[in-house]
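The values are calculated or read from the model by the stated rules, or taken from the named source; none is laboratory data. Fair warning: this is a prediction, and the values are worked out from it, not measured in the lab. Positions of Cβ are backbone-derived with ideal geometry, glycine not excepted, and every protein chain shown enters the neighbour counts. Protein only, heavy atoms only, side chains kept; ligands, DNA and RNA dropped before computing areas. Shrake-Rupley method; radii C 1.70, N 1.55, O 1.52, S 1.80 Å.
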Amino acid sequence: MSENDKEIKSKNEEVDLIVFFNLIGNAFNKLLNSIFSILKYIFSVIIYTLRFFISRWKIIAGIILVAAVIGYALEKTKPTAYQAEMLVEPYFNSKFQLVNNINYFNALIANGETLSLQKIFKIDKETVNAINGFSIEPGPETENDKLLQYEKFIAQLDSVRAQEYSFDDFINNRSEYAGKFFLIKAYASKANVFKDLEDGILTSFVNNYSNKAMKRRDDLINIQKENLEDQLQQVKDLQNIYINVIERESNNKEKSFKIGDISISGSDGQKTREYELLQEEQRIRNELKKLEEQKIEEDVVYEVISSFQEVGKISSHWKEKYSIIFPIASLVLLILFFMIRKIIVFTLKYEE
């Protein structure tokens with residue numbers, strides 16, 4: 001290849017590179033111009049929207065006022081709703097049956113199953129018609145309660161896994177129904193019907209699983225008590241033997257005795273053995289006391305911490321504040337309507 005051919009080829013390559021970079025530059029410029037154009041138009045839409053509201057503020061204020069009046073009228077015409085709360089502590093995993101039954105009650109109310117509700121709550125039709133529904137949520141819980149639950153959970157894991165599982169992991173992953181207490185809320189159109197609903201709700205705790213769990217716990221406690229009482233009797237027998245040994249030693253201090261594997265020789269040994277037996281007796285009695293306390297504290301499937309009030313309080317929720325929701329909703333709709341209108345106009349012109 002001659003020198004002239006090489007020079008021509010080199011110049012052609014340079015021209016191709018220049019053209020290529022020019023194309024890339026033009027593409028970027030068009031992209032940036034499009035972005036700036038869109039941003040400029042969005043800004044102009046906002047300005048035009050503000051101008052629209054400023055120039056037509058009387059009409060907009062009138063629409064908002066009408067919406068507020070309509071919302072207020074709906075609030076006044078809507079029947080007053082009341083609510084009452086009950087705090088309970090379920091035992092033997094009866095909380096799961098409770099949650100299931102609360103959902104079942106709400107389904108019966110939604111489907112208008114008046115007869116079923118009358119049978120469950122043992123109330124008349126008029127009271128049933130006043131019930132609006134029920135809800136259940138975790139009750140109050142302190143950080144100490146959460147920490148105790150975490151420690152109990154960690155005790156069930158192996159040492160390696162326990163080190164990897166933090167307190168925050170436990171709190172974030174546990175069930176919302178992992179706590180001890182539960183808050184049951186009842187809603188009704190009458191203020192004085194809540195006491196009539198208590199018995200029906202409390203029957204929600206009763207189920208075969210919880211009853212079997214309670215009976216199983218009682219049987220285990222009885223077996224443990226029998227074993228501890230046998231141990232206590234053995235300790236008492238040994239104490240009686242030591243008393244006899246002391247009486248014999250009063251006549252012959254040098255004599256030694258052997259009871260099974262226990263060798264007794266001298267007053268110091270007797271005192272030591274007597275003290276050990278007293279400690280063992282106290283330990284066994286403490287264990288028996290704990291078992292009795294456990295049986296007394298959890299002798300039912302549930303415990304009512306606080307029951308429904310005689311007269312419910314007026315139920316107030318932000319979703320029912322129509323005099324506030326309607327004006328805000330009307331203002332938002334006006335803004336969206338004007339912005340969408342401007343965007344449509346811009347899109348049609350942009351395509352042209």
Among what's in the stretch 75-114 and is hydrophobic (A, V, I, L, M, F, W, C) and open to solvent by 30 Å² or more (accessible area, probe 1.4 Å), pick the residue that is nearest to Ser210 (Cα to Cα). Phe92
The lone exception for Phe105 - which of (1) touching a residue at least 24 places away in the same chain (Cβ under 8 Å); (2) more than 15 Å from Ala186 (Cβ to Cβ); (3) in a helix (DSSP H, G or I) it fails: (2)
Going through the stretch 61-98 in order, the residues found to be assigned to a strand (DSSP E or B) and not β-branched (Val, Ile, Thr) are Tyr82, Gln83, Ala84, Glu85, Met86, Leu87, Glu89, Pro90
Within the stretch 151-169, restricting to residues that are open to solvent by less than 50 Å² (accessible area, probe 1.4 Å) and either under 27 Å from Val301 (Cβ atoms) or assigned to a helix (DSSP H, G or I) (or both), the one that is modelled with the lowest pLDDT is Ala162
So for the stretch 194-209 (the condition being of a type in the set (S, T, N, Q), modelled with pLDDT under 80, under 30 Å from Thr80 (Cα atoms) and crowded, with 16+ Cβ neighbours inside 10 Å), does at least one residue qualify? yes
Tell me, please, whether a residue that is in contact (Cβ under 8 Å) with a residue 12 or more places away in the chain and closer than 30 Å to Val206 by Cβ can be found in the stretch 66-79. no
How many residues does the stretch 121-148 contain that are open to solvent by 50 Å² or more (accessible area, probe 1.4 Å) and not in a strand (DSSP E or B)? 12
Restricted to the stretch 170-186, and to residues that are modelled with pLDDT under 80 and open to solvent by 30 Å² or more (accessible area, probe 1.4 Å), which residue is nearest to Val99 (Cα to Cα)? Tyr177
Say we look at the stretch 227-241 and pick out the residues that are of a type in the set (A, V, I, L, M, F, W, C) and either without any contact (Cβ under 8 Å) to a residue 24 or more places away in the chain or within 9 Å of Glu281 (Cα to Cα) (or both); which of these is most open to solvent (accessible area, probe 1.4 Å)? Ile241
If you scan the stretch 304-331, which residues turn out to be open to solvent by less than 70 Å² (accessible area, probe 1.4 Å), modelled with pLDDT under 85 and farther than 30 Å from Pro90 by Cβ? Glu320, Tyr322, Ser323, Leu331
